[in-house]
Amino acid sequence: MKKWIVIAVAIIAAPVLYFSLIPKNTPTSSTQVASATTESQPLLRIALEGKYPPFEYLDKNQQLVGFNIDLANALCKEMAVKCSIERYEWDDLIPAVQTKKADAIIATMSITDEREKLVQFTQPYARVPAAYLAKNNRQFILPVMTPERLAGKTIGVVSNTTFANYLTTEFDNSKVKLKHYPDADALLLGMNNNEVDLVFGDSAVFGEFLRDPRHAKDYNYVGNIIKGDPRLGRGEAIALAKDDHEMVAKFNKALDQLIKSGQYQEMQFKYFTLQIL
């Protein structure tokens, strides 16, 4: 694998929950994000979780910020539509699009065969590797994580994600235990509380966590970066209803324009030190 990826972004102050938990089955907030809109423009409802920094999270003023917010704003402006953002629990995102409660999902959702049975995806707008993270006192010096080397250990992971799917198959029938968490903030808190020996997930989220010097001295990447494994999906993309082919084409065209104009690159370097696409 290529060298470690450290991703820079504004960071949380301590290994505690990023956000309060969101009630199930209800959108939690709606925020106008597109600028220079008029009342006559159509409304596009964007669904996301809002608990996945640096892609999407609440700042100290409880405002949604992050790469996905900036991307949604730019795409809506490019398509000349008025845009709102609605927060859902992760498991409720796809049902929201299927039942027409939302028009699109911009939530760093990986393209997988199973998800393509439920929704259709645009071209990828990110390809972020997966990584392992642990406290330094765990003293992992393994170059590659294998079932034999991790026998008796417990790995934390966010449930219902491609990361969880990867671990389930990678460590199937082994002596490795998996502990599932509802979201990234709970995962990192579990690691801090010594509930697990190491965690596995998005290197962008871990990169933000390590940006804080207080975290960097106590935690670090361990083992190998995972990139290009089909179990982790085929890139992160915008998800839409299966029958909404026209909107998929519009999103792809707008994304192509953002990349061509250089605006996409400006947005990604606002949150990351290396390219994510």
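The values are calculated or read from the model by the stated rules, or taken from the named source; none is laboratory data. Only a predicted model underlies this, so the values are computations on that prediction, with no experimental measurement involved. Note: ideal-geometry Cβ built from the backbone for every residue, glycine included; neighbour counts use all protein chains shown. What goes into the accessible areas is simple: the full protein's heavy atoms, side chains included, and nothing from ligands, DNA or RNA. Shrake-Rupley method; radii C 1.70, N 1.55, O 1.52, S 1.80 Å.
Results, tabulated for the structure shown:
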read-out: Criterion (touching a Ser or Thr at 6+ places or on another chain (Cβ under 6 Å), under 30 Å from LYS260 (Cα atoms) and not aliphatic (A, V, I, L, M)) met by exactly one of ARG127, ARG87, ARG115; value: ARG87
read-out: Counted residues, the range 128-162 - those being in contact (Cβ under 8 Å) with a residue 60 or more places away in the chain, outside any strand (DSSP E or B) and either in contact with a strand residue (DSSP E or B) (Cβ under 7 Å, 6 or more places away or on another chain) or open to solvent by less than 10 Å² (accessible area, probe 1.4 Å) (or both); value: 10
read-out: Residue match in the range 244-256 (condition: modelled with pLDDT of 95 or more and of a type in the set (Val, Ile, Thr)); value: yes
read-out: Residue list for the range 159-173, restricted to those being on the phi < 0 side of the Ramachandran plot and in contact with an Asp or Glu (Cβ under 8 Å, 6 or more places away or on another chain); value: PHE163, TYR166
read-out: Test: SER35 is modelled with pLDDT under 95 and among the hydroxyl-bearing types (Ser, Thr, Tyr); value: yes
read-out: Wholly enclosed helices (runs of 4 or more DSSP H) of the range 177-277 bearing at least 2 residues crowded, with 16+ Cβ neighbours inside 10 Å; value: 184-192, 203-211, 245-261, 263-271
read-out: Residue that is most open to solvent (accessible area, probe 1.4 Å), among those in the range 65-99 that are β-branched (Val, Ile, Thr) and under 22 Å from ILE276 (Cα atoms); value: VAL65
read-out: Residue list for the range 74-95, filter: under 21 Å from the mean Cα position of the chain (by Cα) and under 20 Å from LYS250 (Cα atoms); value: ALA74, LEU75, CYS76, CYS83, SER84, ILE85, ILE94
read-out: Condition met for ASP70 (among the acidic types (Asp, Glu) and out of contact with any Ser or Thr (no Cβ under 9 Å at 6 or more places or on another chain)); value: yes
read-out: Qualifying positions in the range 86-101 - touching a residue at least 40 places away in the same chain (Cβ under 8 Å) and either more than 21 Å from GLN62 (Cβ to Cβ) or assigned to a helix (DSSP H, G or I) (or both); value: TRP90, ASP91, ASP92, LEU93, ILE94, ALA96, VAL97, GLN98, LYS100, LYS101
